[in-house]
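Participant: Here's a structure for you.
The values are calculated or read from the model by the stated rules, or taken from the named source; none is laboratory data. Computed from a prediction, not measured in an experiment: that's the story for all the values here. All Cβ positions, glycine included, derive from the backbone under ideal geometry; neighbour counts span all protein chains shown. Protein only, heavy atoms only, side chains kept; ligands, DNA and RNA dropped before computing areas. Shrake-Rupley method; radii C 1.70, N 1.55, O 1.52, S 1.80 Å.
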There are 2 protein chains.
Amino acid sequence: MSDSDNNLDVIRHSAAHVMAHAVQNLFPGVKIAIGPPIEDGFYYDFDKPEPFTPDDLERIEEEMAKIKAADTPFVRREVTRAEAEKTFGDQPYKLELIREIPEEVSTVYEEDGFVDWCRGPHVESTGKIGAFKLLSIAGAYWRGDERNPMLQRIYATAWPTEEDLAAYLKRLEEAERRDHRRLGKELDLFSFHEEAGPGLVFWHPKGALIRKIIEDYWRDEHLKGGYELVQTPHIARQDLWAMSGHLDFFSENMYSPMEVEGSPYLIKPMNCPFHLLIYKNTVRSYRELPIRWAELGTVYRYERSGVLHGLIRVRGFTQDDAHIICRPDQLDSEIVRVLDFVIKILSRFGFNEYAVYLSTRPEKYVGTYEGWEKATDALRAALEAKGLAYEVDEGGGAFYGPKIDVKIKDAIGREHQCSTIQVDFNEPERFDITYIAEDGKAHRPIMIHRALLGSLERFFGILIEHYAGAFPLWLAPVQVVLLPIADRHHEYAESVAGELRSKGLRVTVDTRNEKTGFKIREAQVQKIPYMLIVGDREVEQKTVSVRSRNRGDLGAQSLGEFIAYLGAELGGDLKTAD
Amino acid sequence: MSDSDNNLDVIRHSAAHVMAHAVQNLFPGVKIAIGPPIEDGFYYDFDKPEPFTPDDLERIEEEMAKIKAADTPFVRREVTRAEAEKTFGDQPYKLELIREIPEEVSTVYEEDGFVDWCRGPHVESTGKIGAFKLLSIAGAYWRGDERNPMLQRIYATAWPTEEDLAAYLKRLEEAERRDHRRLGKELDLFSFHEEAGPGLVFWHPKGALIRKIIEDYWRDEHLKGGYELVQTPHIARQDLWAMSGHLDFFSENMYSPMEVEGSPYLIKPMNCPFHLLIYKNTVRSYRELPIRWAELGTVYRYERSGVLHGLIRVRGFTQDDAHIICRPDQLDSEIVRVLDFVIKILSRFGFNEYAVYLSTRPEKYVGTYEGWEKATDALRAALEAKGLAYEVDEGGGAFYGPKIDVKIKDAIGREHQCSTIQVDFNEPERFDITYIAEDGKAHRPIMIHRALLGSLERFFGILIEHYAGAFPLWLAPVQVVLLPIADRHHEYAESVAGELRSKGLRVTVDTRNEKTGFKIREAQVQKIPYMLIVGDREVEQKTVSVRSRNRGDLGAQSLGEFIAYLGAELGGDLKTAD
C-alpha cells in the first residue's frame, strides 16, 4: 500500500468517526457497529429502529461539517479490556468485538466527547478530515452474516481536497451510469431471487443469449486452439475432495455435505479433481501429451451474503476452466501458448490494456525447488516474449505453484482480475497421475490450471460496465430493430426482418401502435445498435432508413448495402461502442 | 399387460425357482434372496462367499435341466407368518421380507423338496418352464441399496420354445454389439468413477464434442423456433421447493439439504420453479404471451445404486427442458407447435418411428374439470392433426395435468421414452403467476412443460445403441481421418487436413509409424466415417483415395469432389448409418 493510500485511509477512517459522532448527536441511543475505510471512501454501520431518510443524510452531513469546523483533536488512549467494556457498556456490537480479541489492552480515540474503540491512526484533529460527502444507505447484516441483525450502513467518501472530491464524484457518476446491476434490470439481462437464495444468478433471455454468444465463441476458439472439451458432474463424494486436498485447504469456501444413499456428497467448488479422474481413466503415453481439457464448469462457493455484489461476487459461477497436462519439456511452449490465447480472447471483448502480476514461491510450498524455478522461469519468459509489463509478487504464489494473474482495464480505467495461469505441483502428486515416457517408465506430468475470462458471471458484469450496456454488434442480443411507421408498413418490415435473419442477424420488429419517436427512444434505451425506420418512401424505393445507436441518422440504404455494412462491422476489430 | 406377457412371466418366475433349487443342490448353505421375472428373462440373487464362476453357471444349467426333466409339480400352500418364519429360519433375506408384509397369511410354492416364499402363480410342473439359458453374473446390493450386503445376481432367460430362445439370443447378441457401455469405452466417449459416486457421467473429449454438436443444434433450432434461452442455478433454498410442492410430492427423488449460512439448500431435481421466478420478476402483459423458455438444465435425482444403468439411468442428467406459458386461447396452437418440433428434432437424429401415449385425468387432480377437458382435447387434436397413432392411458395423467409421451423406436425395434408434453395446472397456482389481459385484470396463464430428447445423457446412450457407435457424419466426433502411407506423405496429408478443417470438418491425421492396413482397421473400430489414404500417387495427382466406413473403397477423388460429396451428405436427410 502506498503512502497516499495510507493517508487516504487515515482521512476516511477519521471521517467515519466524525460521521458516527454526528449520528450520535442527532439520534441519541443509536447503536454503532463498525466504520472502516474502503476503496474510495468509508462507511459506518448503525443499529437504529427507523430507517435513515435522505433528509437525515443531509442533516448528518451538516452536523459533520460543524464537528469538522470545531477542529477538535483526536486523542488516543490505551485501555484495559475491563475499561473498554465499561466505556462501551451500552454498545453491544462494540462489546462483542472487545470480548473477542486476544489482547488485554486496546486503544480508543476520542474527539469532543465522542469515543470510538479503534486501532487508529487518525488525523490530528477533526478539521483535517478533508472534503467528504455522504452517498447512500444500504442494509448490511452485522458481520456480513444473514443470521445476524440487519444494520443500516451509510456509505460516504472523503478526499484531501474539494477538487479531489469533485473529480471522484464525477467518476462515480460515470460508474453509476454503467452499474451492471441497474443496467441488468433496464436491459432485462438477469436477476437474483431471495426465494432461491442470494448470489445465485438467473439469466433472462437477453442475458442468456449474450452468454450463448460468448460460450459459442469460447468453445470454437478452444477447439481451434488445440483444446478438447470435457464435461463433468456438479457433485462428488466427500472422499474425492479429501483426496484432492480441498477439504483441507478450501473447506471454508465449500457448502456442507448432502447425503446420497448414506454417503456425504459435496457440490463442487472446482473442476480440477474431475479432470484428473478422466486423466486416470486409462494409461497415458508421452505421445498423448500435452492434453488440454477445457470446461465451462459451474461451481458453487461460500461467500458471506454481506460481500455479495451483483454479478461481480456471487455464490454460483461458471469458470471458463482448462487444465493442461504436459511433459516438463512442453511447459515453456504451453505457457506461451496460453498467454497468447489470453490476449487474443480478452482483445475480442474490447480489453486491450492489462496489469500483469507474476507470483513466485512462498515460504511453504510443495514440489521441488528446481521445479518451481523452472516453472517460474517459464512464466517469466512467456511474459517477456510477449513484451508484457508485469509486477513480481515475490512469495505471493499459492503453496502449490507459481502463477500469472492478468487484470484487465475497463473503459473508465478500473482494473478487474480475470485471467490466471497457475502451475500446480500438488494435485498431480495427490492423484498420482503419470504418463509412460519413451523410456517405458511412468513419469509425473506437470499440470497447469488456467482461466481466461475467470467467471462468466463476473466477466459479464464487467462487460456490461465496460460497454455501459451498449454491447458491440457481435454481442448485442438484438442487433437490429425494424420500426414501421404505420400498420401498412408491417408487411415490408417483416420481409426485411426475414431477409436479415436469414443472414444470421438477430432482428425484432416493433409493430406496436406507438409514435416512431417513442419507438426510437425506447430502442435507444435498449441500446440496440441499429434501428431501421420504414415508411412509404422506404417501401416504394425498397430501402431502409438506418439509424445508429451511436452515430444517429445514417440515411437511406438498400438492404444489400446495409447487410454489407453490418458484415464489415462484424468482421472488423471491435471497439468500445460507447 | 397382455396374456402372453403374463404367460412369459409365469414361465420365467418358475424357472427362477428352479434356478434357486439347482443352486441349493450344488452349493448347500447359500442364502437366497429374491428371483423375479424381468423384461426378457429373470434373475435370482444369492449370498455366497465365493463368486460364481462361468463353470458354475454351466453346472447350474445342467442341474436345472435335471429338475426340469423330473417334471415335479409346483405345489402352492398357504402359511401363517409363524410358519413362514420357521420354514425360512436359515434364510435371513426371506425372513426380512416375511417380517415386513402386513398380511398374516402368505403362500409358499414347493417342487421336489425346494420351497420358496412366493405369491405365484407358477407353471404346473418343472417340466413346463420352457427353454432357458443362464446369461451372466453381476453384483447387486440387497434391495438395491449400497449400504446393504453385495449379493451375486445370476441373470437368465426363459421362453416357451427353443426357437423363441434362439431368436431372443440373436437379438441379445445384436443388443450387446450395440451396448452403449461397451461402445462408450471403445470409442472413449464417457466414464463413471466410483471416487465421485455412481450415476454421475464424465464426458470425455469425443463424447463432449458430440454433446456440443447436439446442444448447438438444439439451441439454434429453439431460437429459430420462437423459443428464448434462459439459464438458472443448480441449487435453491429449501423454501422454494416447499413453495413449488416438490418437497411434498417429489422428495423421495431429492437429496438431503446442504447448509449455506444457516439456511438449507437443495440441489435441483427440476428447472420449473426457477423459470417461474423469472416469470414473476415483472408484471406480464397478454401481449408478451406465449413465453417459451428453454434451458439445458442439469438436475440431480436420487436413484438407488442398484437400478443405475450406464447413461440410461443416472443420478445427474441434463434435461432439454422448456416451459411455455400461454393464454388459454393459445393452448391449441402451442401444443401443435410443440408436437411438430418433437418430430422435427427426433427425425434429425434418425428416429422416425414412435409409440405415442395420451394420459388423461386421474381420480385425484388439481385444476378444473373444464380445464382438463380443454387441455386433453388440445393434446388429442394435435395428435390427430399430425396423423399420429396413439394409445390413450385413461386416468394415467399426473395429478397436475394431462400429457403426451412419445417413445422412439431404435434401429433394433426397442422403444425408449424421450419426449413429453405436459400441461400443468398446479404450479401456476402455487406460484400465483398471472398476466394482465386486455380487460386490465390479472388472469392465470397455462403452463406446458416439455422435453424433446428427455435427458441428454440418456438420449446419448440411446443414440450410441441406435447407430451402434457409427454416428452419422454430422454427429461423428472425427469425420475424416487422413492415413499417409509413409513419412514423405505427411506434409500433403496435413495440407489436405487443413483444407478440410477450413470447411468446418473435423479431421485428424494418423502419422503413427504403422502399416496402413493396421491404421484402417483402427479407424474402422473407431467408426470414423471416411478414411483418406494418401501415398505417392495421391500426392502426385493431387487426389485422395476415399474409403467409407460403410461402403469400403470409393476410389480416388480430387479434394474438391470429396468436399462436395461430404457437403451433400451433410445437407441431405440422415439415415441410420449402420
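Participant: Take the alpha carbon gyration tensor of chain B, find the square roots of its eigenvalues, order them as a ≥ b ≥ c, and report rounded if a/c is under 1.5; if not, report prolate when a/b exceeds b/c, else oblate. Mind dumping the intermediate values first?
Facilitator: Details: a/c = 2.03, a/b = 1.14, b/c = 1.79.
Taking the square roots of the gyration eigenvalues as a ≥ b ≥ c, chain B is oblate.
Participant: So, R0 is 45 Å and r is the distance between the beta-carbons of B:Gln541 and A:Gln541; what FRET efficiency does that work out to, to 0.05? Before the final figure, lay out the partial values.
Facilitator: Details: r = 54 Å, r/R0 = 1.20.
E between B:Gln541 and A:Gln541, to the nearest 0.05, is 0.25.
Participant: Here's something else I'd like to know. Modelled label-to-label distance, A:Glu394 and B:Glu394, 7 Å Cα→beta-carbon offset: nm?
Facilitator: 8.7 nm
Participant: May I pose another question? Taking 8 Å as the Cα distance limit and 6 or more residues as the minimum spacing, I'd like the relative contact order of the stretch A:3-177 as a percentage.
Facilitator: Here the relative contact order equals 27 percent.
Participant: Can you work out the FRET efficiency for the pair A:Asp9 and B:Ser558, with r the C-beta to C-beta distance and R0 = 45 Å, to the nearest 0.05?
Facilitator: So the FRET efficiency works out to roughly 0.05.
Participant: Shielding of B:188-198 by partners, i.e. mean partner chain Cβ atoms within 10 Å per residue?
Facilitator: Shielding by partners across B:188-198 averages 6.
Participant: Given a 1.4 Å probe and every protein chain left where it sits, what share in percent of the accessible area of the stretch A:3-177 is carbon and sulfur?
Facilitator: 51 percent
Participant: OK, next. Any idea how far the Cα center of the stretch A:163-240 sits from the one of the stretch B:387-438, in Å?
Facilitator: Cα centres, the stretch A:163-240 to the stretch B:387-438: 34 Å.
Participant: Check A:Met254: other-chain or 5+ apart residues with amide H under 5 Å from its amide H, H built from backbone geometry?
Facilitator: Hits under the 5 Å cutoff: A:Tyr302.
Participant: Can you list residues from other chains, or at least 5 along the same chain, whose modelled amide H is less than 5 Å from the amide H of B:Leu151?
Facilitator: Residues meeting the amide H criterion: B:Ala140, B:Tyr141, B:Trp142.
Participant: Report D for the protein assembly as shown in µm² per second (integer): Stokes-Einstein, Kirkwood Rh on Cα pairs, 20 °C, 1.002 mPa s. Don't skip to the answer; put the middle values down first.
Facilitator: Values: Rh = 34.7 Å.
For these conditions, the coefficient is 62 µm²/s.
Participant: Using a 7 Å offset from Cα along the direction of the beta-carbon, what are the separations from A:Glu103 to the same position in each other copy, nm, ascending?
Facilitator: Inter-copy label distances (nm, one decimal, shortest first): 7.9.
Participant: In the structure displayed, which of B:Lys94/B:Lys407; A:Lys224/B:Lys515; A:Lys515/B:Lys441 lie more than 31 Å apart, Cα to Cα?
Facilitator: From B:Lys94/B:Lys407; A:Lys224/B:Lys515; A:Lys515/B:Lys441, over 31 Å: B:Lys94/B:Lys407.
Participant: Further, regarding this structure: Just how far, in whole angstrom, is the stretch B:468-528 from the stretch A:545-567 if you go by their alpha carbon centroids?
Facilitator: Cα centroid to Cα centroid, the span is 45 Å.
Participant: List the residues, sorted by chain then number, that are 5 or more residues from B:Ala556 or on another chain and whose placed amide H is less than 5 Å from its amide H.
Facilitator: Result for B:Ala556 returns B:Val546.
Participant: Let me ask something additional. Considering only protein heavy atoms and a 1.4 Å probe, what is the carbon-and-sulfur percentage of the accessible area of the stretch B:480-570?
Facilitator: 49 percent
Participant: Quickly work out the B:Glu491-to-B:Asp432 label distance, labels modelled 7 Å from Cα along the C-beta direction, and quote it in nm with one decimal.
Facilitator: Between B:Asp432 and B:Glu491, the simple spin-label model gives 7.7 nm.
Participant: Leaving out ligands, DNA and RNA, and with a 1.4 Å probe, what % of the accessible surface on the stretch B:277-416 is carbon or sulfur?
Facilitator: 46 percent
Participant: Quickly rank A:124-131, A:517-524, A:7-14 as a protection proxy: mean count of other C-beta atoms within 10 Å, highest first. Intermediate results must be reported in sequence, preceding the final value.
Facilitator: On the way: A:124-131: 19.0, A:517-524: 15.1, A:7-14: 21.4.
Ranking, from highest mean packing down: A:7-14, A:124-131, A:517-524.
Participant: Relative to the other copies, what are the label-point distances for A:Asp393, with labels 7 Å from Cα along the C-beta vector, expressed in nm at one decimal and sorted shortest first?
Facilitator: Here the equivalent label points are 5.7 nm apart from this one.
Participant: Continuing with the same structure: Given a Förster radius of 35 Å and the C-beta distance between B:Ala82 and B:Arg59 as r, what FRET efficiency does 1/(1 + (r/R0)^6) yield to the nearest 0.05?
Facilitator: The formula returns an efficiency of 0.45 here.
Participant: Another question, then. Identify the residues of the stretch B:133-148 with backbone N under 18 Å of a label point that sits 7 angstrom from the Cα of B:Glu96 along the Cα-to-Cβ direction, or state none.
Facilitator: Label zone hits: B:138-148.
Participant: Could you work out the relative contact order of the stretch B:480-570? I mean the mean sequence separation of Cα pairs under 8 Å and 6+ apart, divided by the number of residues, in percent.
Facilitator: 28 percent
Participant: Taking 0.36 nm per residue of separation and subtracting the Cα-Cα distance, what length does fully extending B:Phe249 through B:Lys515 add?
Facilitator: That works out to 89.6 nm of additional length.
Participant: Oh, and also: Apply the Karplus curve 6.51 cos²θ - 1.76 cosθ + 1.60, θ = phi - 60°, to the phi angles in the stretch B:408-417 and return the couplings in whole Hz, x for Gly and Pro.
Facilitator: Residue by residue, the stretch B:408-417 yields 9, 9, 8, 4, 10, x, 7, 9, 9, 5 Hz.
Participant: Turning to a different aspect of this structure: Indicate the residues belonging to the stretch B:143-170 that lose 40 Å² or more of solvent-accessible heavy-atom surface (probe 1.4 Å) upon moving from the chain alone to the assembly of all protein chains, ignoring ligands and nucleic acids.
Facilitator: At a threshold of 40 Å² (probe 1.4 Å), the residues of the stretch B:143-170 that become less exposed are B:Glu146, B:Arg147.
Participant: What per residue convex hull volume, in Å³, do the alpha-carbon atoms of the stretch B:1-160 yield?
Facilitator: 116 Å³
Participant: OK, next. Before we go on, tell me the buried accessible area for the B/A pair, both chains summed, 1.4 Å probe, in Å² to the nearest 100.
Facilitator: Values: alone 27230 and 27250 Å², together 49410 Å².
Using a 1.4 Å probe on protein heavy atoms, the buried area is about 5100 Å².
Participant: Which one of A:Ile34, A:Thr126, A:Ala156 is farthest out on the positive end of the charge dipole of the stretch A:3-177, using unit charges on Cβ (Lys, Arg +1; Asp, Glu -1) and the Cα centre as origin?
Facilitator: Value computed over the given set: A:Ile34.
Participant: Which whole-number percent gives the relative contact order of chain B, counting Cα pairs below 8 Å spaced six or more residues apart?
Facilitator: Numbers: 1034 pairs, mean separation 58.1, N = 578.
Result for chain B is 10 percent.
Participant: How far is A:Asp40 from itself in the other copies, in nm, if each label sits 7 Å out from Cα along the Cα-Cβ line, shortest first?
Facilitator: With the label placed 7 Å along Cα→Cβ, A:Asp40 yields 6.5 nm.
Participant: Follow-up. Which value, in Å³ per residue, describes the convex hull spanned by the Cα atoms of the stretch A:72-206?
Facilitator: 145 Å³
Participant: Determine the calculated [θ] at 222 nm for chain A from helices alone, applying -39500 (n - 2.57) to every DSSP H run no shorter than 4 residues and normalising by the residue count; nearest 500 deg cm²/dmol.
Facilitator: Here the helix-only value at 222 nm equals -11500 deg cm²/dmol.
Participant: In addition: Evaluate peptide B:259-269: per residue, the Cβ atoms of other protein chains within 10 Å of its Cβ; return the mean as an integer.
Facilitator: 6
Participant: Contour minus end-to-end for A:Thr161 and A:Glu569, with contour as 0.36 nm per residue of separation and end-to-end as the Cα-Cα distance?
Facilitator: 142.4 nm
Participant: With a cap of 16 neighbouring Cβ atoms within 10 Å, and only residues DSSP puts in a loop, list the GluC sites (Glu not before Pro) found in the stretch A:1-72.
Facilitator: Taking the stretch A:1-72 and a limit of 16 other Cβ atoms within 10 Å, the loop GluC sites (Glu not before Pro) found are A:Glu39.
Participant: Counting only other chains, and only Cβ atoms inside 10 Å, what mean value do you get across the residues of A:293-303?
Facilitator: 2
Participant: At 0.36 nm per residue, and after removing the present C-alpha to C-alpha distance, how many nm does the segment from B:Lys280 to B:Tyr217 gain when stretched out fully?
Facilitator: Taking B:Lys280 through B:Tyr217 to full extension adds about 19.7 nm, to one decimal.
Participant: Would you mind computing, in nm to one decimal, how far apart the modelled labels at B:Arg177 and A:Asp377 are, each placed 7 Å from Cα along Cα→Cβ?
Facilitator: Between B:Arg177 and A:Asp377, the simple spin-label model gives 5.8 nm.
Participant: Let me ask something additional. Ignoring ligands, DNA and RNA, what accessible area per residue does chain B give at 1.4 Å, in Å²?
Facilitator: Computed with neighbouring chains in place, this is 43 Å² per residue.
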